[in-house]
1. Given a 1.4 angstrom probe, I'd like the percentage of the accessible area of region 183-227 that is carbon and sulfur, rounded to a whole number.
2. So how much accessible area does L102 have, in Å² to the nearest 10, using a 1.4 Å probe?
3. Expressed as a rounded percentage, what relative contact order does the chain have, with Cα pairs under 8 Å and six or more residues apart?
4. Taking the full set of protein chains and a 1.4 angstrom probe, give the accessible area of C93 in square angstrom, rounded to the nearest 10.
5. Please list H184, H226, H203 in order of solvent-accessible area, largest first, computed with a 1.4 Å probe with all protein chains present.
6. Please list E246, E145 from largest to smallest accessible area, probe radius 1.4 Å, with all protein chains kept in place.
7. What residue among L85, G118, A133 has its Cα farthest toward the positive end of the dipole of region 74-160, where the charges are +1 on Lys, Arg and -1 on Asp, Glu, each on the Cβ?
8. Could you pull the accessible area for K56 with a 1.4 Å probe, rounded to 10 Å²?
Amino acid sequence: MTEAAARRTPGTPCWVSLIVHGLDTTQNFYTELFGWEFGPGPEQLGPYVRALIDGKEVAGIGQLPPDRHLPIAWTTYLATDDADLTAESIRACGGTVGVGPLDAGEAGRMAIASDPCGAVFGIWQAARHVGTALAGAPGTPVWNELVTRETVTVAKFYQAVFGYETEAVVSADFDYQTLHLDGHPVASLHGVGHGLPRDRGPHWMTYFEVADTDEAAQHVVELGGHILQPPREGSSGRVATVADPEGAAFTIVRSAKR
């Protein structure tokens, strides 16, 4: 495992956060699944806790107001040096800013936006909180991927806003692009066409490291979640797509490097 608490290059996925109805129940689920402990976080938008592994912050979970009925989903945050300027760029390039920019206490400044195809993501201007502080250990986010209908159009949006370089897989039946910053891969775009779930639409998917994908997938079911795509071999290792008891989807992966 490695420390990952340095300030990120703008455009780098730096944090993942989940807003749910049952905060205590959700904390229990992820504690049992990933071994997370929890500490307090900024509460400008309501009750919010940060998940910890060995005292290092790896993710956030907040609680929706009782009268709000929004889709429950993990949100990927992309780093920025200026949340207000990035928000303006998002709007200018055809995206939408739904929340903010606003200050999250002394932690930083954030906004919630969506790309022109409707996929929701966050932007994070770090102050005291720079983002995920641990990488490589089971229970930590290891990758973020945009699942969308096709990548060519939406890639132009992310390139314009965040300055990514892209590397496409040359294939007639596989629509996939890797996003690079400073020559390093940081995220990916996956076009699935009609395979996109109708009830979800385009969305960012968070991958979490696990020690054993098959065991973790079974544990998800035992804890009240369910399996969306069963364990299988992928380019990054053995993966499965699952959902927690409130329906938030995420991918678990035993990295091929482990």
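The values are calculated or read from the model by the stated rules, or taken from the named source; none is laboratory data. Just so it is clear, the model here is predicted, and its values are computed rather than measured. Heads up, the Cβs are rebuilt from the backbone with ideal geometry, glycines too, and the neighbour counts pull from every protein chain shown. Protein only, heavy atoms only, side chains kept; ligands, DNA and RNA dropped before computing areas. Shrake-Rupley method; radii C 1.70, N 1.55, O 1.52, S 1.80 Å.
1. Working: 1100 of 2220 Å².
Whole-percent figure for carbon plus sulfur exposure: 50.
2. The value for L102 is about 40 Å².
3. Numbers: 620 pairs, mean separation 48.3, N = 258.
Rounded, it is 19 percent for the chain.
4. C93 has an accessible surface of roughly 50 Å² with all protein chains in place.
5. Working: H184 115, H226 85, H203 20 Å².
Ranked from most to least accessible, the order is H184, H226, H203.
6. Working: E246 60, E145 15 Å².
Putting E246, E145 in descending order of accessible area: E246, E145.
7. Positive-most Cα among the choices belongs to G118.
8. Roughly 70 Å² of K56 is accessible to a 1.4 Å probe.
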